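K.L.:
Dropping the structure in here first, questions after.
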Amino acid sequence: MNQDQLKKRIDVSTKRIPADVVVKNGKIIDVFNLEILEADIAIVDGYIAGIGEYEGHETVDAAGKYVSPAFIDGHVHIESSMVTPAEFSKVLLAHGVTTVITDPHEIGNVSGATGISFMLDQSEGLPLDVRVMLPSSVPATPFENAGATLKAADLEPFYKHPRVLGLAEVMDFPAVFKGDKDMLSKIVSAANNKGRIDGHAAGLDANGINVYRSSLITTDHECTTAEEALDRIRRGMYVLIREGSVAKNLKALIKAVTPNNARRFLFCTDDKHLDDLVDEGSVDHNVRLAIKEGLSPFQAIQLATLNAAECYGLDEKGAISPGCIADFILLDELEAVSISEVFVGGKSVAKDGAFTGEEVNTEKPPAPLMQSVNLPEIRSEKLTIPISDGDSIHVIEVIPNQLVTKKKVLRVKAENRVFTPSIPDDLLKMAVIERHKQTGNIGLGVVKGLLIKNGAIASTVAHDSHNLVVAGTNDEDMLLAIDTIQKMQGGYVIVKDGKVLATVPLPISGLMSDQPFKKVNEEIIYLKAKLKEIGFTGDFDPFLTLSFLTLPVIPEIKLTDLGLFDFKTFQHISVKAE
């Protein structure tokens, strides 16, 4: 801002000159007092200059609708939407979300600093305000192989970027606990650059939270129970209530929110697939669900706006208030959170559930990002799990719609001294194949609860190192799925009886499409429809579930390219149980 701009804003505020835009006849949601205020909103140069009685060059007639601050997603991985930031923005703006705090952790683990630069460049000049937290764990852990390594020195230059806010989810708790030099240097660097530091406190007890808070970590989005949330609030953290495509924690956590502690809660989606964003929404869905679970509409909107803004130091966001950017939404109904129109900087960008703003031209991805799937030749013997008949083995058991899994020990039958998938017992073979540097690493395991009866599914979306993950009922279909992924340089595939039934190509680092979101959404819908042909009947997304079965920082047991990983002991274990 310069003096002329400030002078103009003051002149509008004092009514010496008319506003650029005035919003009239609206019911303003006051997120400070949790009440309704009926007044005009004066807007100049995209900022709110006053609330009261004003005239302007242009008038927006709210026609009795509720005027809410626009929503903020406190933690999201844009890559999980499978589209570029420009396409992602079109979807979110239609749902009233005008600001996101994103962590390019996924593309960072595949493509390093080049991937982070791509996300920053691709989100420049969008009507969606994309703020970035730098990935703290690339690779996520030493228990798997990612495509890149980012040290503190690699992250340091990014702090100069005006949209970089700090250090993203610190998920390697053992490194913090032990005082690992590289991890501490990342934390100190963020602090010295006046950045926020996000946590990832899955499964940590109260003492673990003490360690995190002592390390300047201020948030956690991994709570699954109300008591966990309260433990974090008691120690001064913000709790991000997550409702994504797999991790659906809102119903459990909303019980912890009271009038006394509500200001320490906000909403996030973390990982949400494109089709869910289009159909269900983003943070607007969190708000609706919170209201349905008993939270007052004003309180729910406060979590989605003011609380998120204050948590991340966005002083010009989160409220209908003089001095704030004029990002707001018009609601036809309060409790239903039915969005009529969305405004960014006082300009309409979405109406009746559709993006109406201007298209932003973006450059093509750098060539290295389009060639990220590098596999050696893989034959059937590479997928063999040797066991004897009656052996006890470690099994990953899926918990539908949760990131956590159960560690099971089951006695299984063998054919020719190797494990063979069992449809009656719902036991499938699973493999994680290193796809970045052709190391030849293949981790093998057995998964229960994926509910596939014939064929295979595979993906290069496999948190957090994003190696190729495949699960199936037979080696032949698994091998075809692997080969198909290689040829299209990443994405999703369904195979049955030696035929490819459906694909969703994701050639940008094996994570995102270079196509418009509507086309990608159609591909996803078709892919999910084809799941019926391989016998899937569950009420969860098997692809999204599969992608998190590779995440070793989440309890209880996962699979990486180096083998089965036990979260409790924080070490790899064999498939055969002792």
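Where a number appears in this text, it was derived from the coordinates with a stated rule and is not lab data. Just so it is clear, the model here is predicted, and its values are computed rather than measured. Note that each Cβ is placed from the backbone with ideal geometry, even for glycine, and that neighbours are counted across all protein chains shown.
K.L.:
Amide H neighbours of Asp129 under 5 Å, counting only residues 5+ apart in sequence or on other chains, H built in-plane at 1.01 Å?
P.N.:
Thr99, Val100
K.L.:
In which sequence would Thr84, Thr141 go, from the one with the fewest C-beta neighbours within 10 Å to the one with the most?
P.N.:
Thr141, Thr84
K.L.:
Using the Karplus curve 6.51 cos²θ - 1.76 cosθ + 1.60 with θ = phi - 60°, what ³J(HN,Hα) values do you get for each residue of the stretch 62-76, in whole Hz, with x for Gly and Pro?
P.N.:
Listing the rounded values in order: 6, 6, x, 6, 6, 10, 10, x, 5, 7, 10, 8, x, 6, 8 Hz.
K.L.:
At a 10 Å Cβ-Cβ cut-off, how would you order Asp172, Asp483, fewest neighbours first? Working shown, then result.
P.N.:
Values: Asp172 22, Asp483 16.
Ordered by Cβ neighbours within 10 Å, fewest first: Asp483, Asp172.
K.L.:
Let me ask something else about it. Which of rounded, prolate, oblate describes the stretch 70-318, given a ≥ b ≥ c as roots of the alpha-carbon gyration tensor eigenvalues and a/c under 1.5 marking rounded, otherwise prolate only if a/b is larger than b/c? Intermediate values should be presented prior to the final figure.
P.N.:
Working: a/c = 1.64, a/b = 1.15, b/c = 1.43.
Taking the square roots of the gyration eigenvalues as a ≥ b ≥ c, the stretch 70-318 is oblate.
K.L.:
Between Lys532 and Lys406, how high is the FRET efficiency from 1/(1 + (r/R0)^6) when r is the Cβ-Cβ distance and R₀ = 25 Å? Nearest 0.05.
P.N.:
Calculated transfer efficiency: 0.45.
K.L.:
Here's something else I'd like to know. Assuming 0.36 nm per residue, please report the length gained on full extension of the stretch Leu6 to Leu37 beyond their Cα-Cα distance.
P.N.:
8.6 nm
K.L.:
Right, here's the next one. Given that compact globular proteins tend to follow 2.2 N^0.38 Å, what is the ratio of the alpha-carbon Rg of the stretch 370-573 to that value?
P.N.:
0.95
K.L.:
Given H placed on each backbone N at 1.01 Å, which residues far from Phe419 in sequence or on other chains put an amide H within less than 5 Å of it?
P.N.:
Close amide H contacts, sequence-distant or interchain: Ile385, Ile387.
K.L.:
Kindly write out, for the stretch 453-460 in residue order, the coupling ³J(HN,Hα) from the Karplus curve 6.51 cos²θ - 1.76 cosθ + 1.60 (θ = phi - 60°), rounded to whole Hz, with x marking Gly and Pro.
P.N.:
Each residue's phi maps through the Karplus curve to give 10, 6, x, 8, 10, 8, 7, 9 Hz.
K.L.:
I'd like the per residue volume of the convex hull spanned by the Cα atoms of the stretch 154-238, given in cubic angstrom.
P.N.:
Given the Cα convex hull of the stretch 154-238, per-residue volume reads 87 Å³.
K.L.:
Summing Lys, Arg as +1 and Asp, Glu as -1, what charge do residues with Cβ under 10 Å from the Cβ of Leu266 carry, Leu266 excluded?
P.N.:
0
K.L.:
Below 15 angstrom from the Cβ of Gly440, what's the summed charge of the other residues (Lys, Arg +1; Asp, Glu -1)? It would help to have the intermediate numbers written out before the result.
P.N.:
On the way: positive: Arg379, Lys382, Arg435, Lys437; negative: Glu144, Glu377, Glu381, Glu434, Asp561.
So the environment of Gly440 carries a net charge of -1.
K.L.:
How long are the semi-axes of the equivalent ellipsoid of the chain, taking √(5λ) for every eigenvalue λ of the Cα gyration tensor, in whole Å from largest down? Numbers along the way, then the final one.
P.N.:
Numbers: eigenvalues 378, 116, 99 Å².
Over the Cα atoms of the chain, the semi-axes work out to 43, 24, 22 Å.
K.L.:
Per residue of the chain, what 222 nm ellipticity follows from adding -39500 (n - 2.57) for every DSSP H run with n ≥ 4, rounded to the nearest 500?
P.N.:
On the way: 16 runs with 144 residues, N = 578.
It comes out at -7000 deg cm²/dmol, rounded to the nearest 500.
K.L.:
Take the residue pairs Lys8/Lys317; Lys181/Lys568; Lys27/Lys518; Lys186/Lys382; Lys90/Lys528; Lys255/Lys351 and return only those whose Cα atoms are more than 28 Å apart.
P.N.:
Beyond 28 Å between Cα atoms: Lys27/Lys518; Lys186/Lys382; Lys255/Lys351.
K.L.:
Taking the DSSP beta bridges in the chain as the whole, what percent of them are antiparallel, to the nearest 5?
P.N.:
If I count the DSSP bridges inside the chain, around 70 percent turn out antiparallel.
K.L.:
May I pose another question? For Glu58 and Glu358, FRET efficiency with R0 = 22 Å and r from the beta-carbon atoms, rounded to 0.05?
P.N.:
0.80
K.L.:
Here is a follow-up. Under the rule a/c < 1.5 gives rounded, and otherwise a/b versus b/c splits prolate from oblate, where does the stretch 403-471 land using the Cα gyration tensor?
P.N.:
In terms of gyration-tensor shape, prolate.
K.L.:
In percent, what relative contact order does the chain have, based on Cα pairs under 8 Å that are 6 or more apart in sequence?
P.N.:
Relative contact order here is 15 percent.
K.L.:
Could you give the C-alpha radius of gyration of the stretch 248-356 expressed as a fraction of 2.2 N^0.38 Å, taking N as the number of residues it contains?
P.N.:
Normalised Cα radius of gyration, the stretch 248-356: 1.07.
K.L.:
Taking the number of other C-beta atoms within 10 Å as the exposure measure, put Cys268, Cys324 in order starting with the fewest.
P.N.:
Cys324, Cys268
K.L.:
Here is a follow-up. So who's got an amide H within less than 5 Å of the one on Tyr238, skipping anything under 5 residues away but keeping other chains? H placed 1.01 Å off N, in plane.
P.N.:
Thr219, Asp220
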